[in-house]
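Here the structure is laid out as structure tokens; the discussion comes afterwards.
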Amino acid sequence: MHLHHAIDDLRNPAPLPLLALHAGASASFAVALLPPAGWPLGLACCLLILAMLLRALRAPAAQPGSAASGTALLALDLLVFLLCYALRETDAGWHATAFCILLVAPYAGITRQLLGGAGLAIVASLAWLGLQDNFQAGNAATLLLLNLTGLCASHGQQRQRRAHVLQHAILTEQAVRDHLTGCYNRRYLDEHLLGAELARSQRHGLCLTAILCDLDHFKRINDAHGHAAGDAVLRTFAGLLGNATRRGIDSVVRHGGEEFLLILPETDLAGGVRLAERLRDGLARHIGTTASFGVASLACTPDSRAPGAAALVAAADRLLYQAKHAGRNCVRAAMLDAL
């Protein structure tokens with residue numbers, strides 16, 4: 001979960017304040033560079049940039065194509081600036097300085113895409129170079145050199161930032177995951193997961209259900225086929241649990257050994273029992289072994305005091321113990337206040 005968020009953050013488009021600043025600066029420069037008779041063109045350019053900026057602001061950051069929309073807006077900004085400059089060639093030195101300021105946005109990584117920023121900077125530089133006469137060749141060469149320097153600096157900074165973010169995300173993910181099955185570990189359950197879900201359920205008056213499941217006679221698998229075969233069974237069981245639960249809502253925790261705990265927000269006791277029975281049937285068909293399940297549910301209300309987070313797991317553990325003593329390969333369930 002943490003690793004996916006970090007990758008999404010690296011892929012997201014530029015922060016909107018920077019994008020708005022760049023669009024506003026481009027529109028201001030465009031209007032300032034136009035001759036008095038060109039105000040209709042300047043007004044049209046400003047309105048077009050404003051419309052694209054509003055569209056970028058309203059689009060969700062995770063929506064596909066949002067990064068491309070930001071890049072298109074930057075390209076439009078630079079195109080408008082070059083068009084206005086072509087209509088008024090005086091004060092070329094000041095124009096070159098303003099244009100360098102505008103080009104900081106693409107090659108400093110506003111789009112967070114090196115190729116996109118490089119393409120914008122190089123194309124804009126070549127276009128600016130084509131507008132120069134022989135006397136402005138020095139300014140054009142200087143501008144092109146600045147762009148190339150900026151691109152190299154941007155590339156190095158992006159590589160360092162990406163490596164740092166990914167390394168931090170990987171370490172964080174490893175700290176909360178079980179190395180064998182990929183499920184959450186007991187430490188993450190006790191320090192964050194269960195307390196947070198219980199607090200959210202209490203705040204919104206929702207049901208919270210926990211299912212504690214244990215593979216029956218797991219020691220026989222290790223004794224007969226070896227620990228490698230036992231590890232394979234655990235990974236398969238963890239995959240079965242993950243596929244049967246709601247991604248991004250439910251949580252699968254390796255509680256210890258061959259025990260797994262499912263935390264099911266917004267799920268009542270009947271829903272927990274249905275899931276446990278489906279898992280019990282699927283385990284027998286896909287893995288060839290059986291498991292016992294203890295299902296405990298809690299109906300939270302905002303105006304009542306909820307029991308501690310550990311009480312829900314303890315109740316599921318007692319129900320699992322009852323299922324074991326009832327002959328295994330069965331489900332025992334109850335509401336927490338009925339135990």
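The values are calculated or read from the model by the stated rules, or taken from the named source; none is laboratory data. None of the values given here were measured: they were computed from a predicted structure. Glycine also receives a Cβ, built like all others from the backbone with ideal geometry; neighbour counts cover every protein chain displayed. Keep in mind that these areas ignore ligands, DNA and RNA; they rest on the heavy atoms of the full protein, side chains included. Shrake-Rupley method; radii C 1.70, N 1.55, O 1.52, S 1.80 Å.
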Identify the residue in the stretch 260-274 that is open to solvent by 10 Å² or more (accessible area, probe 1.4 Å) and of a type in the set (Val, Ile, Thr) and, among all such residues, is farthest from the chain's Cα centre (by Cα). VAL273
Please state which one of LEU212, LEU198 is within 30 Å of the chain's Cα centre (by Cα), surrounded by 14 or more Cβ atoms within 10 Å (Cβ to Cβ), in contact (Cβ under 8 Å) with a residue 12 or more places away in the chain and closer than 24 Å to ALA284 by Cα. LEU212
Kindly indicate whether LEU234 is at negative phi, in contact with an Asp or Glu (Cβ under 8 Å, 6 or more places away or on another chain), open to solvent by less than 20 Å² (accessible area, probe 1.4 Å) and part of a helix (DSSP H, G or I). yes
Cβ pairs under 6 Å, 6+ apart or interchain, first in the stretch 275-294 and of a type in the set (Ser, Thr, Tyr) and open to solvent by 10 Å² or more (accessible area, probe 1.4 Å), second in a helix (DSSP H, G or I) and at pLDDT below 95, ordered by first then second residue, are THR290/ALA284
Members of the stretch 295-310 that are within 33 Å of the chain's Cα centre (by Cα) and not β-branched (Val, Ile, Thr): ALA296, SER297, LEU298, ALA299, CYS300, PRO302, ALA306, PRO307, GLY308, ALA309, ALA310
Quick one: is ARG274 outside any strand (DSSP E or B) and either aromatic (Phe, Trp, Tyr) or more than 18 Å from SER201 (Cβ to Cβ) (or both)? yes
I'd like to know if the stretch 325-338 contains one or more residues that are modelled with pLDDT of 95 or more, of a type in the set (Lys, Arg) and over 15 Å from CYS207 (Cα atoms). yes
Restricted to the stretch 183-205, and to residues that are at pLDDT 90 or above and not in a helix (DSSP H, G or I), which residue is farthest from ALA311 (Cα to Cα)? CYS183
Looking at the structure I just gave you, is ALA244 farther than 18 Å from GLY205 by Cβ, surrounded by fewer than 18 Cβ atoms within 10 Å (Cβ to Cβ) and modelled with pLDDT of 90 or more? yes
Pick out the one residue from LEU180, LEU166 that is modelled with pLDDT of 90 or more, exposed (fewer than 15 other Cβ atoms within 10 Å of the Cβ) and not hydroxyl-bearing (Ser, Thr, Tyr). LEU180
Take the residues in the stretch 295-339 that are in a helix (DSSP H, G or I) and among the charged types (D, E, K, R), then tell me which one is surrounded by the fewest Cβ atoms within 10 Å (Cβ to Cβ). ASP337
Selected residue (criterion: surrounded by the most Cβ atoms within 10 Å (Cβ to Cβ)) from residues of the stretch 249-259 that are without any contact (Cβ under 8 Å) to a residue 60 or more places away in the chain and under 27 Å from the mean Cα position of the chain (by Cα): ASP250
